[in-house]
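What follows is a short report on a single structure.
Where a number appears in this text, it was derived from the coordinates with a stated rule and is not lab data. Values in this document were obtained by computation on a predicted structure and should not be read as measured data. Methodologically, a virtual Cβ is constructed for each residue, glycine included, from the backbone with ideal geometry; neighbour enumeration extends over all protein chains shown.
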Amino acid sequence: MITRLWSSLLRINAIVSKELRQLSRDRIIFGMIVMIPLIQLLLFGYAINTNVRNVPTAID
């Protein structure tokens, strides 16, 4: 059981290290991976308004 877990962790580590190496070679993709979520975070932060005004309510 432990050898299976260890084997899986080694495989995951190999895949992650390969992907990080590829990302470090391509600066444009790395920039997109970092910048697009930051831009979305800023846009959604400005779009969400927690001040509730002019909301119709119905009382039964």
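Listed values, structure above:
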item: Spherically averaged projected area of the chain from its Cα convex hull (nm²); result: 9.9
item: Selection from Ile33, Ala58, Ile48 lying farthest towards where the dipole of the chain points positive, charges on Cβ; result: Ile33
item: Footprinting exposure proxy for Val34, Val55 (fewest neighbouring C-beta atoms within 10 Å first); result: Val55, Val34
item: Inter-label distance, nm, simple model (7 Å from Cα along the C-beta direction), Ile29/Ile59; result: 6.0
item: Helix-only CD estimate at 222 nm, as mean residue ellipticity for the chain, using -39500 (n - 2.57) per DSSP H run (n ≥ 4); result: -26000 deg cm²/dmol
item: Per-pair calculated FRET efficiency, R0 = 35 Å: Leu41 and Ile15 via Cβ, rounded to 0.05; result: 0.80
